[in-house]
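First up is the structure itself, then whatever we jot down about it.
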Amino acid sequence: MVRLKRLRLVLRLAAISLLNSSLLGAGESVISKVPDATGKSCHLKFPAIKEETLYWDRPVLKDPSQGDIIDFYGSCNHDPLGKEEIQRQRDDYVRRQRRLPESEGA
């Protein structure tokens, strides 16, 4: 009975640890954040959103090692997965698709 209680405790702790680490990982999307002298605006670098997820309810950022990095100058509390950024990247994606010739877009 004692072993069963210990096993349950270990499993609960492992589950809590995994949940916390995945939630913390979600907040680590900004690669660098450098505020200006006033502290009102920042230079942020973060990965672009995966194109296949741009229209999902919860878009996903690319892996930073892929090299598709956004340089952003603006508010220090800018969210790389916020509504404005998603819309900006959607608009950019549509513009790129319109520039491709038909044979390359397919």
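The values are calculated or read from the model by the stated rules, or taken from the named source; none is laboratory data. Because the structure is a prediction, the values reported are computed rather than measured. No Cβ is skipped: glycine too gets one built from the backbone with ideal geometry, and neighbour counts run over all protein chains shown. For accessibility, only protein heavy atoms count, side chains too; no ligands or nucleic acids. Shrake-Rupley method; radii C 1.70, N 1.55, O 1.52, S 1.80 Å.
Some notes on this structure:
- Taking the stretch 74-94 as the range and being within 12 Å of the chain's Cα centre (by Cα) and aliphatic (A, V, I, L, M) as the test, the residues that pass are Leu81, Ile86.
- Among the conditions (1) in contact with a strand residue (DSSP E or B) (Cβ under 7 Å, 6 or more places away or on another chain); (2) exposed (fewer than 11 other Cβ atoms within 10 Å of the Cβ); (3) farther than 23 Å from Pro35 by Cβ, Arg99 misses just one, which is (1).
- Residue list for the stretch 86-106, filter: among the aliphatic types (A, V, I, L, M) and either touching a Lys or Arg at 6+ places or on another chain (Cβ under 9 Å) or assigned to a loop (DSSP other than H, G, I, E, B) (or both): Leu100, Ala106
- Of all residues in the stretch 43-85, those that are open to solvent by less than 40 Å² (accessible area, probe 1.4 Å) and in a strand (DSSP E or B) total 7.
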